[in-house]
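The values are calculated or read from the model by the stated rules, or taken from the named source; none is laboratory data. These numbers were taken from a predicted model, which means no experiment stands behind them. All Cβ positions, glycine included, derive from the backbone under ideal geometry; neighbour counts span all protein chains shown. Remember, those area values only see protein heavy atoms, side chains included, never the ligands or the DNA or RNA. Shrake-Rupley method; radii C 1.70, N 1.55, O 1.52, S 1.80 Å.
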Amino acid sequence: MLQVSPVRAFADNYIWLVHAPRDARSVVAVDPGDARPVEAELQSRGLALRAILITHHHPDHVGGVRELAERHGAGVWGPARESLPVDARPLDDGDAITLEDLGLEFSVMAVPGHTLGHLAYAGHGALFCGDTLFSAGCGRLFEGTAEQMLNTLERLAALPDETQVYCAHEYTLSNLRFAAAADPGNAEVAAALAAVTAARARDESTVPTTLGRERRINPFLRCREPGLRASAERYAGRSLTTPLEVFATVRAWKDGFR
């Protein structure tokens, strides 16, 4: 398993520092939207930034990239299909990143939905998925379609149960509150909501999660489940005959949920 450290940024972002198996003081930063907390973590722990991975172009994911790359001479990799604020080595679905001197290798997955060119990075039992898959939730459809996002999530859900999911925001509590409304017969959601409510009261992080857990509690991964479909039909006031219709309904429901 990888050693991964969280760096908190803004109101609820996570920037992830991935420690190299061959040298734990060398790290790769994922989505450094703000250089300042990353720099503080590097300095306080005596870490060396060796590379930067970008999942998508939103400012809270790329805002610190240029400053960090220039200061540390770190290589930058990012989505080929998106406009980025720095020159990055372009990546697309099926590519691989091999950082041989660090002992790190990641497979690149195109995961359109939140944005059209969004990427995820999978390797060493970990998934860095930006704003695509959250604990008990998924990203808003700012650029992509419901069909794209459903296909993306089902592709991610096919990864092994034990895969550690490193998403980019602390949204678990609000997501579980919605999951309890959308999937009211799910006892695991109720238990998770109680546990996460207590954890957040202590200001504890609720991620990473695992794909096995997400398949049990995340309504956006459960669009083929009869209970969730029935709940979505009640909300929509009509019959929903396909998983895509269920997903689109649940996503729209979540967008307006308070």
First select every other residue whose beta carbon is under 11 angstrom from the beta carbon of Gly117; then total the charges, Lys and Arg +1, Asp and Glu -1. -3
Between Asp101 and Glu162, how high is the FRET efficiency from 1/(1 + (r/R0)^6) when r is the Cβ-Cβ distance and R₀ = 45 Å? Nearest 0.05. 0.95
List the pair-distance distribution P(r) of region 47-179, using every Cα-Cα distance, as the percent of pairs falling in each 5 Å bin from 0 up to the bin containing the longest distance, rounded to whole percents. 2, 10, 19, 23, 22, 13, 7, 3, 0
For region 103-200, what % of the accessible area comes from carbon and sulfur atoms, probe 1.4 Å? 55 percent
Taking a probe of 1.4 Å and leaving out DNA, RNA and ligands, region 140-226 shows per residue an accessible area in Å² of 45 Å²
Measuring from the lowest to the highest alpha carbon on each principal axis, how far does region 182-258 reach, largest first, in angstroms? 42, 27, 19
Using the Kirkwood radius over C-alpha pairs as Rh, can you work out the diffusion coefficient of the chain via Stokes-Einstein at 37 °C, viscosity 0.692 mPa s, in µm² per second? 176 µm²/s
Please work out the FRET efficiency for the pair Gln43 and Gln3, using the Cβ-Cβ distance as r and a Förster radius of 22 Å; give the result to the nearest 0.05. 0.75
Burial order of peptide ranges 182-191, 86-95 (average beta-carbon count within 10 Å, highest first): 182-191, 86-95
Cα-derived Rg over Rh, computed across region 105-258 with Rh taken as Kirkwood radius: 0.95
How charged is the neighbourhood of Ala236? Take every other residue with its Cβ under 11 Å from the Cβ of Ala236, and add Lys/Arg as +1 and Asp/Glu as -1. +1
Considering only the chain, what is the antiparallel percent among its DSSP beta bridges, to the nearest 5? 65 percent
